[in-house]
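Colleague: Below you will find the structure I want to go over with you.
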Amino acid sequence: MGCQDEQLVQTICDLYEKISKLESLKPSEDVNILFKQLVSTCIPPNPNIDVTKMCDRVQEIRLNLIKICGLAEGHLENHFSSILTSYQDNPLHHLNIFPYYNNYLKLGKLEFDLLEQNLNGFVPKSVAFIGSGPLPLTSIVLASFHLKDTIFHNFDIDPSANSLASLLVSSDPDISQRMFFHTVDIMDVTESLKSFDVVFLAALVGMNKEEKIKVIEHLQKHMAPGAVLMLRSAHGPRAFLYPIVEPCDLQGFEVLSIYHPTDDVINSVVISKKHPVVSIGNVGGPNSCLLKPCNCSKTHAKMNKNMMIEEFGAREEQLS
C-alpha cells in the first residue's frame with residue numbers, strides 16, 4: 001500500500017476506536033456523526049485496498065467493526081420502522097424519511113436488472129429474503145416497483161423485527177397480500193427452500209467467513225436446482241463495513257456475475273445459480289477454485305460510470 005492507502009486504513013482504525021467507546025449504538029447525534037464519517041471514508045473505490053492481506057491487528061479491527069456496524073444498522077432500522085408504523089395512513093408512503101432509502105432504490109434496481117438479464121425474461125413467482133430485519137426495504141422496493149406479481153417470504157430470527165416489519169406493510173392493500181414473515185433460524189429451514197425461484201441473502205447474515213459459508217452450504221443443499229442465489233458482498237475499503245463473499249465460497253453454485261458499485265450504493269452484488277449437478281469431490285480443499293462452477297480463471301472486468309462488473313465467461317456446457 002502507498003502512504004495514502006495506509007492513511008485511509010489508519011483513519012478507519014481511528015474511527016473504530018471512537019465508535020467502540022460509544023455507550024450506545026442507537027441513533028443519536030454522536031452515533032450518526034461517527035458512522036457518517038466511517039461510511040464517507042470507506043465509500044470511495046480504492047483497488048489498492050485488499051483487506052484480506054492486511055495485518056492481524058487490522059483484520060481483528062475489521063471483524064469487530066463489521067459486528068458493530070451490524071448492531072448499529074439494526075438499531076437504525078428498528079428506530080425508523082417504529083416511526084413509520086406510527087403514521088395513520090399507509091407507512092410505505094413515507095419511506096423517504098429513512099436516510100438510506102435512495103440507496104435501496106438504486107440497489108433494488110440493480111438487483112432487478114441482474115435478475116432480468118440472467119433469468120432471460122422469466123419472472124420469479126416466489127422470492128425468499130433471509131435476514132430481512134425490521135425494515136425489509138429490499139423486499140418492499142422489489143415488490144413495489146419491479147416484481148409486482150411476485151410473492152415475498154421474509155425470514156428473520158428476531159421476532160420483534162418481524163413484528164415491526166409485518167406491521168409496516170399491513171396497511172398496504174397490495175404488498176400486505178404478497179409479503180409474509182417467518183421467525184426462524186434459516187439453518188432450520190429445509191424443504192420449503194425448494195419452493196423459491198430466487199433467494200436473497202442479506203449482507204449481515206453470517207458476519208464472518210465461516211458463518212457465511214455455513215449458511216451458503218445449507219442453502220446449496222436445500223434450494224431447488226437452477227434456483228438463483230443473490231448475495232451482498234463488499235469490495236475495497238467497503239469491506240470494513242460488510243463481509244466479503246468470493247466466488248470460491250459458492251461451491252455448488254454457478255457464479256454468473258459480481259457487480260461492484262462505485263457510487264453511494266455500498267454493497268457489491270453476487271448473482272449465482274444452483275448447479276443442477278452435484279459438485280465433484282473436495283478437490284484442492286474447502287476454498288479451492290478448482291470445483292465447478294467457480295469459473296475464476298474466466299473472469300474479466302469492465303467499468304461503467306457507477307460500477308465495476310465482473311462477469312463469468314462462457315460455460316463449458318450449457319446448464320439450466
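Residue-by-condition table, conditions (1) closer than 16 Å to Phe180 by Cα; (2) open to solvent by 60 Å² or more (accessible area, probe 1.4 Å); (3) acidic (Asp, Glu):
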site: Cys55; (1), (2), (3): no, yes, no
site: Asn103; (1), (2), (3): no, no, no
site: Gln117; (1), (2), (3): no, yes, no
site: Lys125; (1), (2), (3): yes, yes, no
site: Ala128; (1), (2), (3): yes, no, no
site: Gly133; (1), (2), (3): yes, no, no
site: Thr138; (1), (2), (3): yes, no, no
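Colleague: Turning to a different aspect of this structure: How many residues, within region 65-111, are over 26 Å from Ala234 (Cα atoms) and among the charged types (D, E, K, R)?
Modeller: Within region 65-111, the first condition is being over 26 Å from Ala234 (Cα atoms), and the residues that meet it are 82-94.
With among the charged types (D, E, K, R) added as a condition, the list becomes 89.
Selection size over region 65-111: 1.
Colleague: May I pose another question? If Asn48 satisfies all but one of (1) open to solvent by 80 Å² or more (accessible area, probe 1.4 Å); (2) within 25 Å of Tyr100 (Cα to Cα); (3) not in a helix (DSSP H, G or I), what's the number of the condition it fails?
Modeller: Unmet condition: (2).
Colleague: Checking Gln7 against (1) modelled with pLDDT of 95 or more; (2) open to solvent by 50 Å² or more (accessible area, probe 1.4 Å), which test does it fail?
Modeller: For Gln7, the failing item is (1).
Colleague: State all residues of region 85-96 that are open to solvent by 30 Å² or more (accessible area, probe 1.4 Å) and out of contact with any Leu (no Cβ under 7 Å at 6 or more places or on another chain); if no residue qualifies, say none.
Modeller: Ser86, Tyr87, Gln88, Asp89, His93, Asn96
Colleague: What are the residues in region 141-160 that are closer than 21 Å to Pro261 by Cα and either open to solvent by less than 20 Å² (accessible area, probe 1.4 Å) or touching a His at 6+ places or on another chain (Cβ under 6 Å) (or both), if any?
Modeller: Val141, Leu142
Colleague: Would you confirm, using the coordinates I've provided, whether Tyr16 is outside any loop (DSSP other than H, G, I, E, B) and either under 30 Å from Glu246 (Cβ atoms) or free of Cβ contacts under 8 Å to residues at least 40 places away in the same chain (or both)?
Modeller: For Tyr16, the condition - outside any loop (DSSP other than H, G, I, E, B) and either under 30 Å from Glu246 (Cβ atoms) or free of Cβ contacts under 8 Å to residues at least 40 places away in the same chain (or both) - is met.
Colleague: Continuing with this model, one more query. Would you please name the residue that is farthest from Asn78 (Cα to Cα), looking only at residues in region 32-52 that are hydrophobic (A, V, I, L, M, F, W, C) and under 23 Å from the mean Cα position of the chain (by Cα)?
Modeller: Restricting to residues being hydrophobic (A, V, I, L, M, F, W, C) and under 23 Å from the mean Cα position of the chain (by Cα), the top hit is Ile49.
Colleague: Moving on to the next point. When both residues are 6+ apart or on different chains and their Cβ atoms are under 8 Å apart, which pairs have a first residue that lies in region 180-194 and is closer than 17 Å to Ser160 by Cβ, and a second that is exposed (fewer than 14 other Cβ atoms within 10 Å of the Cβ) and of a type outside the set (S, T, N, Q)?
Modeller: Thr183/Pro159
Colleague: How about region 166-184: which of its residues are assigned to a loop (DSSP other than H, G, I, E, B) and open to solvent by 60 Å² or more (accessible area, probe 1.4 Å)?
Modeller: The answer is Ser170, Ser171, Pro173, Asp174.
Colleague: Suppose the filter is touching a residue at least 60 places away in the same chain (Cβ under 8 Å) and either more than 17 Å from Ile266 (Cα to Cα) or not in a loop (DSSP other than H, G, I, E, B) (or both); does Leu84 pass it?
Modeller: Spelling it out, Leu84 is indeed touching a residue at least 60 places away in the same chain (Cβ under 8 Å) and either more than 17 Å from Ile266 (Cα to Cα) or not in a loop (DSSP other than H, G, I, E, B) (or both).
Colleague: Just give me the residues in region 204-226 being within 17 Å of Pro247 (Cα to Cα), open to solvent by less than 30 Å² (accessible area, probe 1.4 Å) and assigned to a helix (DSSP H, G or I), in sequence order.
Modeller: Lys212, Val215, Ile216, His218, Leu219
Colleague: Quick check on region 262-270. Is at least one of its residues of a type outside the set (A, V, I, L, M) and either open to solvent by less than 20 Å² (accessible area, probe 1.4 Å) or assigned to a helix (DSSP H, G or I) (or both)? Steps first, please.
Modeller: The initial filter retains those residues of region 262-270 that are of a type outside the set (A, V, I, L, M), namely 262-264, 267-268.
Next cut, either open to solvent by less than 20 Å² (accessible area, probe 1.4 Å) or assigned to a helix (DSSP H, G or I) (or both) only: 267-268.
The answer is yes; a qualifying residue exists.
Colleague: Report every pair of residues separated by at least 6 positions or lying on different chains whose Cβ atoms are under 8 Å apart, first residue within region 28-44 and within 18 Å of Leu71 (Cβ to Cβ), second exposed (fewer than 13 other Cβ atoms within 10 Å of the Cβ).
Modeller: Val31/Ser24
Colleague: Sort out which residues of region 138-156 are closer than 21 Å to Ile186 by Cα and either part of a helix (DSSP H, G or I) or modelled with pLDDT under 95 (or both), and write them in order of number.
Modeller: Listed by number, the residues that qualify are Thr138, Ser139, Ile140.
The values are calculated or read from the model by the stated rules, or taken from the named source; none is laboratory data. Computed from a predicted structure; not experimentally measured. Reconstructed Cβ throughout: ideal geometry from the backbone, glycine too, with neighbour counts over all protein chains shown. These area figures cover heavy atoms from the full protein model, side chains too; ligands, DNA and RNA do not enter into them. Shrake-Rupley method; radii C 1.70, N 1.55, O 1.52, S 1.80 Å.
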